[in-house]
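Notes to accompany the following structure.
The values are calculated or read from the model by the stated rules, or taken from the named source; none is laboratory data. Fair warning: this is a prediction, and the values are worked out from it, not measured in the lab. Cβ: placed from backbone, ideal geometry, glycine included. Neighbour counts: every protein chain shown. Protein only, heavy atoms only, side chains kept; ligands, DNA and RNA dropped before computing areas. Shrake-Rupley method; radii C 1.70, N 1.55, O 1.52, S 1.80 Å.
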Number of protein chains: 2
Amino acid sequence: MVRRDEIRAGEVAIEAPAATDAGLVFIGRIRTPWTDRLECPRQGRADGPTCRIEVFPPWIPVLDGIAQYERLEVLYWLHLSRRDLVRQSPANDGSTRGTFGLRSPARPNPIGSSIVNLVRVEAGTLLVRGLDCLDGTPMIDLKPDRTLFTPIAPRQPGDDQVGDAWRADTP
Amino acid sequence: MVRRDEIRAGEVAIEAPAATDAGLVFIGRIRTPWTDRLECPRQGRADGPTCRIEVFPPWIPVLDGIAQYERLEVLYWLHLSRRDLVRQSPANDGSTRGTFGLRSPARPNPIGSSIVNLVRVEAGTLLVRGLDCLDGTPMIDLKPDRTLFTPIAPRQPGDDQVGDAWRADTP
């Protein structure tokens, strides 16, 4: 039986360092049809249900300009996830893998990222499709999808840097 | 002249709420050729220089399983970015847009996200191409690229939910 917070055969938890290197502010709240983690999709789908991203008042004007993008990248804080699992067994079959080789919500910094289709912007709320998170999940960032965004700022030297002229593996 | 932290004509900064809703732990450090923000690419490129992601010791075993993915999603903390700009003028020409309509590093939660090509995994270090950040940027999460990852965990009801049977805009 799949439960919520058990450690399964072969999984490894560590005593994780204090998470005090940087602090986040919650920008809004995501409303989805899924009120239990055991209902959430494992992966959002472009033709999934329309969900709402409700932006908190101080940040509503910050949405200006977002409506022109058909797809957005959404970052959210998986507030119910444990952060101490370093090896996980998603199939609960004894086989395990390191957390960074998975898109599991349980991770040292439980940040979820999705690409969503923007259906509509209402006052302070985005209607989107493609999410996979629990109802009430805190939203921490919104950006245009990288494949649709062309930088407006002037180019800098790094933009034209290709190949291995600089080699990361040379001291 | 482009400087580092100026407020440009038309830009708006707010007194942002305290960033205490959640805390992050830095997982590693990113080494790139760019030692000044005025050199960084505006957007990483797949044929850009090979960069290193150095993972801190407690997290090295957590990389197990990552090498099978050709592309990874990397989240990093843009530690030198101001967080209070809500309207920005990337071209510094008086035209402005809300921060969530931009991929600017200056944002309330300054989290950068890139899709990188994995060149090689060495002990505790990933060599990747496609980054755009400053040398020394803290890394906060690594995941397989969403387009390459197939969930291993059993399907849940949400995985098969399509269309608007649940309508986010109905009370």
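Kindly indicate which of B:Ser95, B:Ser89, B:Ser104, B:Ser113 is more than 7 Å from chain A (Cβ to nearest Cβ) and within 19 Å of the chain's Cα centre (by Cα).
The conditions single out B:Ser104.
Of the numbered conditions (1) more than 30 Å from B:Ser89 (Cβ to Cβ); (2) modelled with pLDDT of 95 or more, A:Leu75 satisfies every one except a single condition; which is it?
That leaves (1) as the condition not met.
Yes or no: A:Glu122 within 29 Å of B:Thr150 (Cα to Cα), open to solvent by 10 Å² or more (accessible area, probe 1.4 Å) and more than 7 Å from every other protein chain (Cβ to nearest Cβ)?
no
As an exercise: evaluate B:Ser104 against (1) free of Cβ contacts under 8 Å to residues at least 24 places away in the same chain; (2) more than 16 Å from A:Ile140 (Cβ to Cβ) and give the number of the one condition it does not meet.
For B:Ser104, the failing item is (2).
Pull out all pairs, ordered by first then second residue, where Cβ-Cβ is under 6 Å, the residues are six or more apart or on different chains, the first lies in the stretch B:139-150 and is more than 7 Å from chain A (Cβ to nearest Cβ) and under 16 Å from B:Ile27 (Cα atoms), and the second is surrounded by 17 or more Cβ atoms within 10 Å (Cβ to Cβ) and modelled with pLDDT of 95 or more.
Sorted first by the residue in the stretch B:139-150, then by its partner, the pairs are B:Met139/B:Ile27; B:Met139/B:Gly28; B:Met139/B:Ile30; B:Met139/B:Ile53; B:Met139/B:Tyr76.
Quick check on my filter: what residues within the stretch B:102-117 are out of contact with any Cys (no Cβ under 9 Å at 6 or more places or on another chain), part of a strand (DSSP E or B) and surrounded by 22 or more Cβ atoms within 10 Å (Cβ to Cβ)?
B:Ile111
I need the full set of residues from the stretch B:66-101 which are small (Gly, Ala, Ser) and either in a loop (DSSP other than H, G, I, E, B) or open to solvent by 20 Å² or more (accessible area, probe 1.4 Å) (or both), in order please.
B:Ala67, B:Ser81, B:Ser89, B:Ala91, B:Gly94, B:Ser95
Among B:Leu131, B:Leu127, which is modelled with pLDDT of 95 or more, open to solvent by less than 20 Å² (accessible area, probe 1.4 Å), more than 29 Å from A:Asp36 (Cα to Cα) and within 7 Å of chain A (Cβ to nearest Cβ)?
None of the others qualify; the one that does is B:Leu127.
Kindly indicate whether A:Glu73 is closer than 28 Å to B:Ile27 by Cβ and at the interface with chain B (Cβ under 7 Å from one of its Cβ atoms).
In short, yes.
Might you check whether a residue that is at the interface with chain A (Cβ under 7 Å from one of its Cβ atoms) and either farther than 21 Å from A:Gly158 by Cβ or under 15 Å from the mean Cα position of the chain (by Cα) (or both) occurs anywhere in the stretch B:76-84?
Yes: the stretch B:76-84 contains one or more residues that are at the interface with chain A (Cβ under 7 Å from one of its Cβ atoms) and either farther than 21 Å from A:Gly158 by Cβ or under 15 Å from the mean Cα position of the chain (by Cα) (or both).
Taking the stated definitions as given, is B:Gln88 touching a strand residue (DSSP E or B) at 6+ places or on another chain (Cβ under 7 Å) and not acidic (Asp, Glu)?
yes
Free of Cβ contacts under 8 Å to residues at least 12 places away in the same chain and not in a strand (DSSP E or B): does that describe A:Glu39?
Yes.
With respect to B:Asp141, is the statement that it is at pLDDT 95 or above, under 26 Å from A:Ala13 (Cα atoms) and under 15 Å from the mean Cα position of the chain (by Cα) true?
Here the answer is yes, as B:Asp141 does meet what is asked.
Of all residues in the stretch B:8-55 being closer than 17 Å to B:Gly136 by Cβ, of a type outside the set (A, V, I, L, M, F, W, C) and loosely packed, with under 14 Cβ neighbours inside 10 Å, which is modelled with the highest pLDDT?
The qualifying residue modelled with the highest pLDDT is B:Thr35.
For B:Asp5, all conditions in the list (1) part of a loop (DSSP other than H, G, I, E, B); (2) open to solvent by less than 70 Å² (accessible area, probe 1.4 Å) hold save one; what is the number of the exception?
(2)
Residues that are farther than 17 Å from B:Arg83 by Cβ, charged (D, E, K, R) and at the interface with chain A (Cβ under 10 Å from one of its Cβ atoms): does the stretch B:21-33 have at least one?
yes
Based on this model, can you work out whether B:Trp59 counts as buried (at least 20 other Cβ atoms within 10 Å of the Cβ), touching a residue at least 60 places away in the same chain (Cβ under 8 Å) and either facing another protein chain (nearest Cβ under 9 Å) or not in a loop (DSSP other than H, G, I, E, B) (or both)?
When the stated conditions are applied, B:Trp59 does not pass them.
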